[in-house]
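The values are calculated or read from the model by the stated rules, or taken from the named source; none is laboratory data. The structure presented is a predicted model; accordingly, all values stated were derived computationally and were not measured. Cβ: placed from backbone, ideal geometry, glycine included. Neighbour counts: every protein chain shown. Surface accessibility is based on the protein's heavy atoms, side chains included, excluding ligands, DNA and RNA. Shrake-Rupley method; radii C 1.70, N 1.55, O 1.52, S 1.80 Å.
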Amino acid sequence: MEINLKFKINLTSKQKEAYDLFHKEEVRELVLNFSRQSGKTTLCEILLIETLVKKKCTCAYISPDYGQGKRVFREIVNLLSQTQLIKKKNFSDLTLELINGSFLQFFSAKNPTAIRGNTISGLLVIDEAAYLPEETSDGQNFYHMVVKPITKAKKPKIIFISTPNGKFGLFYQKYLEGLNSDTVKTIECNIYTDSTISKEDIEELKATTPPLAFRQEFLVEF
C-alpha cells in the first residue's frame with residue numbers, strides 16, 4: 001500500500017540541499033552540522049514521514065534521552081493527525097504505526113538494551129549525535145555495537161544531526177567522512193546561513209551567550 005503525501009512547507013536553501021541529497025539513491029548517510037534555530041529537526045520530521053508513507057518500512061529515532069524524542073514524537077503525530085494515516089500511537093512507548101504497516105519507534109541512548117535486536121529498513125535519525133555516549137555501561141562501543149547492527153540487514157538511510165561537541169567522537173568522525181565521500185554527505189548551516197530567526201534576535205543571542213558557546217552552538221565550529 002503506497003500513500004502519496006506532500007508538505008506545503010517552505011524550506012531554506014540548506015534544508016532544501018539536505019532534502020535533495022537525501023533523495024539521491026547513492027547517498028546513504030547525511031551529516032547535518034546545523035546550528036540551533038536552523039530547522040534541522042523539522043526537516044528530519046518531514047523526511048521520516050515521507051519515508052513512512054512511501055512504502056511499508058520501519059524507521060527509528062535515537063536521542064540521548066527520552067525528553068528530546070517525546071517532543072519530536074508529538075510533532076510528528078500532530079502533523080499526521082489530520083491525515084487519517086495513523087493506525088496506532090502510543091505516547092508511553094513512543095511508537096507509531098500507520099495504516100500501510102509502516103512503524104516508527106523512538107529510543108533513548110540511556111537504554112541500549114531496547115535498541116538491540118531491532119531491524120530498521122527505512123530511515124534512522126540520530127539526534128544530538130555529538131552528545132551520544134561513546135560506550136555502554138558494559139563497555140561496548142555504543143554506535144558500532146548497539147546502533148550499527150540494527151541497520152546491517154536492510155541498510156536504511158541514516159541522518160546524523162547535531163551541533164559540534166569537540167573534535168572527537170562519532171559526530172566529528174562522520175562530519176569529516178562526509179566532506180569527501182559519495183555515499184556520506186556533510187552539510188553545514190550556521191545561524192547566519194538561511195537563519196529562521198531575525199538578525200536582531202541573532203545579535204541578542206550573540207550578546208547574551210558566552211563566546212565559546214556561541215561559536216559551538218550557533219556558528220557550528222568544532
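Suppose we filter region 118-150 for residues that are open to solvent by less than 80 Å² (accessible area, probe 1.4 Å), touching a helix residue (DSSP H, G or I) at 6+ places or on another chain (Cβ under 8 Å) and either part of a loop (DSSP other than H, G, I, E, B) or not β-branched (Val, Ile, Thr) (or both); how many remain? Looking only at that region, the number is 16. Within region 82-113, the set of residues being in a strand (DSSP E or B) and among the basic types (Lys, Arg) comprises 87, 88, 89. For region 12-32, the tally of residues that are open to solvent by 70 Å² or more (accessible area, probe 1.4 Å) and without any contact (Cβ under 8 Å) to a residue 24 or more places away in the chain stands at 4.
Whether any residue in region 64-81 is outside any helix (DSSP H, G or I) and either within 15 Å of residue 185 (Cβ to Cβ) or within 15 Å of the chain's Cα centre (by Cα) (or both) is what I want to check. Checked against the condition, which is being outside any helix (DSSP H, G or I) and either within 15 Å of residue 185 (Cβ to Cβ) or within 15 Å of the chain's Cα centre (by Cα) (or both), region 64-81 yields at least one hit. Among the residues making up region 179-218, those that are exposed (fewer than 13 other Cβ atoms within 10 Å of the Cβ), polar (S, T, N, Q) and at pLDDT 95 or above are 180, 183, 208. Only one of the numbered conditions (1) closer than 23 Å to residue 27 by Cα; (2) in contact with a Ser or Thr (Cβ under 9 Å, 6 or more places away or on another chain) is violated by residue 144, and that is (2). Checked against (1) open to solvent by 50 Å² or more (accessible area, probe 1.4 Å); (2) in a loop (DSSP other than H, G, I, E, B); (3) more than 21 Å from residue 169 (Cβ to Cβ), residue 221 passes all but a single condition, namely (3).
For the subset of region 159-178 comprising residues that are of a type in the set (Gly, Ala, Ser) and modelled with pLDDT of 95 or more, which member is nearest to residue 212 (Cα to Cα)? Explain how you work it out, then say what you get.
Applying the first criterion (of a type in the set (Gly, Ala, Ser)) to region 159-178 yields 162, 166, 169, 178.
Filter again for modelled with pLDDT of 95 or more, leaving 162, 178.
Values: 162: 17, 178: 25 Å.
Only one residue fits best here, namely 162.
Residue pairs whose Cβ atoms lie under 9 Å apart, sitting 6 or more positions apart in sequence or on different chains, and linking a residue in region 199-210 that is more than 15 Å from residue 35 (Cα to Cα) to a partner that is among the hydrophobic types (A, V, I, L, M, F, W, C) and loosely packed, with under 13 Cβ neighbours inside 10 Å, do not occur here. Here residue 102 clears all of (1) out of contact with any Leu (no Cβ under 6 Å at 6 or more places or on another chain); (2) buried (at least 22 other Cβ atoms within 10 Å of the Cβ); (3) within 20 Å of residue 48 (Cβ to Cβ) except the condition numbered (1). Has region 151-171 got any residue that is open to solvent by 80 Å² or more (accessible area, probe 1.4 Å), under 30 Å from residue 114 (Cα atoms), without any contact (Cβ under 8 Å) to a residue 12 or more places away in the chain and out of contact with any strand residue (DSSP E or B) (no Cβ under 8 Å at 6 or more places or on another chain)? The answer is yes, given that some residue of region 151-171 is open to solvent by 80 Å² or more (accessible area, probe 1.4 Å), under 30 Å from residue 114 (Cα atoms), without any contact (Cβ under 8 Å) to a residue 12 or more places away in the chain and out of contact with any strand residue (DSSP E or B) (no Cβ under 8 Å at 6 or more places or on another chain).
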